[in-house]
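The structure appears below as structure tokens.
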Amino acid sequence: MAIPSLQTLKGLDLPAVGFGTYKLNGASGVNTINSALNVGYRLIDTAFNYENEGAVGEAVRRSSIPREQIIISSKLPGRHHHYDEALTTIQESLYRAGLDYYDLYLIHWPNPKENLYVEAWQALITAQKLGLVREIGVSNFLPEHIDRLITETGVIPAVNQIELHPYFSELQLREYDQQKHIITLAWSPLGRASSVLKDPIIAGIAAEVQRSISQVILRWEFQLGVLPIPKSNHTARQIENLNLFDFELSEAQMQTITNLDRPNGRLQNQDPAEYEEF
Ligand SMILES: NC(=O)c1ccc[n+]([C@@H]2O[C@H](COP(=O)([O-])OP(=O)(O)OC[C@H]3O[C@@H](n4cnc5c(N)ncnc54)[C@H](OP(=O)(O)O)[C@@H]3O)[C@@H](O)[C@H]2O)c1
């Protein structure tokens, strides 16, 4: 079944579900990412810090899918937020992948205590002007960080990739993104296979719609207007996680899952106002 798409403010179509690649490295990583492409994923998420941009590029080259049909997204690490370093890091990201351009490039974390994310954003704006990246966005940014980017540069991020799963559903941040026409991407959309994948309430809904718990969670995210990027090493699960578009959750089922939200529902307490990653 065809994957619907979500369009960025500037008109780039993103498939409504993508593939995460954290911890997919080396030859086995290439095989896993290649399998994801073969079963139909057309959005691949990587990062400079995953040290697998090379594996992503290799998997793309080994597939028979034309490059222009694949959205490839990477991220700038926190240790390279200074303008000049950010630009050379984006170039290095491309060399690592063996690609001429990325479709999306994000600032991985705002690292607010360093207070350099506006400078990093200016480098992403330049990279876009140079044609190194088609669209630019952010990850783990709170409204206050995005407001500053917009005030100081006038450029709105295309996407904001944030932690989001049934125990941490980010209502306010989703509403903020929506109001600014920023597409929200969900990282760890399956809660990184934590207890959420055994949640009895979601299991009950899964039985009602005759789908797996993973499919119900990913469908809930899709119906919220969020773009999930699940990762799986297994081809059967990769297929399962793509088959989301021939069933629907009722409003009541959606609300039941949204009600599972917990104030301290983050997997590893990575609050972007405090947490920093380099
Ligand atoms: N921007 C950021 O700061 C940030 C942070 C974290 C992650 N990310 C991105 O988000 C992507 C996804 O997040 P994630 O990898 O943390 O976690 P996730 O996608 O929520 O969960 C992955 C885990 O779920 C299992 N799984 C996948 N599909 C399943 C299914 N259908 N049934 C049962 N288990 C299933 C996988 O096991 P198997 O592999 O064994 O199938 C794996 O253990 C990452 O790969 C990365 O690209 C971004």
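The values are calculated or read from the model by the stated rules, or taken from the named source; none is laboratory data. Computed from a prediction, not measured in an experiment: that's the story for all the values here. So basically every Cβ, Gly included, is an ideal-geometry build from the backbone, and we count neighbours across all protein chains shown. Areas reflect the complete protein model, heavy atoms only, side chains present, ligands, DNA and RNA absent. Shrake-Rupley method; radii C 1.70, N 1.55, O 1.52, S 1.80 Å.
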(request) Please figure out what share of the DSSP beta bridges in region 108-256 is antiparallel and state it in percent, rounded to the nearest 5. (result) 10 percent
(message) Just to be sure I understand: of the beta bridges DSSP finds with both ends in the chain, what percent are antiparallel, rounded to 5?
(response) 15 percent
(message) If amide hydrogens are placed 1.01 Å from N in the peptide plane, which non-local residues have theirs closer than 5 Å to the one on Ser139?
(response) Ile107, Gln161
(request) Heavy atoms only, probe 1.4 Å: what % of the accessible area of region 170-235 goes to carbon and sulfur, would you let me know? (result) 52 percent
(request) Treating the angle as unsigned and between 0 and 90°, give the value, to the nearest 10°, between the Cα long axis of helix 53-62 and the longest Cα principal axis of the chain. (result) 70 degrees
(request) Quick one: order Asp177, Asp271 from most to least accessible surface, probe 1.4 Å. (result) Asp271, Asp177
(request) Using label points projected 7 Å from each Cα along Cα→Cβ, tell me how many nm separate Val39 and Asn259, to one decimal. (result) 3.3 nm
(request) Calculate, in nm to one decimal, what Ser194 and Ala2 gain on full extension: separation in residues at 0.36 nm each, minus their alpha carbon distance. (result) 66.2 nm
(message) When 1/r is averaged over all different Cα pairs and the result inverted, which Kirkwood radius in Å belongs to region 148-193?
(response) 11.4 Å
(message) In whole percent, and with a 1.4 Å probe on the protein chains, what portion of the accessible area of region 1-93 is carbon and sulfur?
(response) 48 percent
(request) Residues in region 178-206, backbone N under 14 Å from the label point at Arg237 (7 Å along the Cα-to-beta-carbon vector): list them, ranges by number please. (result) 188-198
(message) Show me the three semi-axes of the equivalent ellipsoid for the chain, from the C-alpha gyration tensor (sqrt of 5 times each eigenvalue), largest first, rounded to whole Å.
(response) 28, 23, 16
(message) Give me the net charge for the shell around Glu114: Cβ to Cβ below 14 angstrom, other residues only, Lys and Arg +1, Asp and Glu -1.
(response) -2
(message) Could you tell me how far the Cα centroid of region 189-204 sits from the Cα centroid of region 21-98, in Å?
(response) 28 Å
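Grab the other residues whose beta carbon is less than 12 angstrom from that of His82, score K and R as +1, D and E as -1, and report the net.
Neighbour charge sum, excluding His82 itself: -3.
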(request) Could you state the angle between the C-alpha long axis of helix 26-39 and the longest principal axis of the C-alpha atoms of the chain, as a value from 0 to 90 degrees rounded to the nearest 10? (result) 60 degrees
(request) Can you find, among Thr8, Ala206, Thr153, the residue farthest towards the positive end of the dipole of the chain? Put +1 on the C-beta of Lys and Arg, -1 on that of Asp and Glu. (result) Ala206
(request) With everything on Cα atoms, drop me the angle between helix 117-129 and the longest principal axis of the chain, reported from 0 to 90° to the nearest 10. (result) 80 degrees
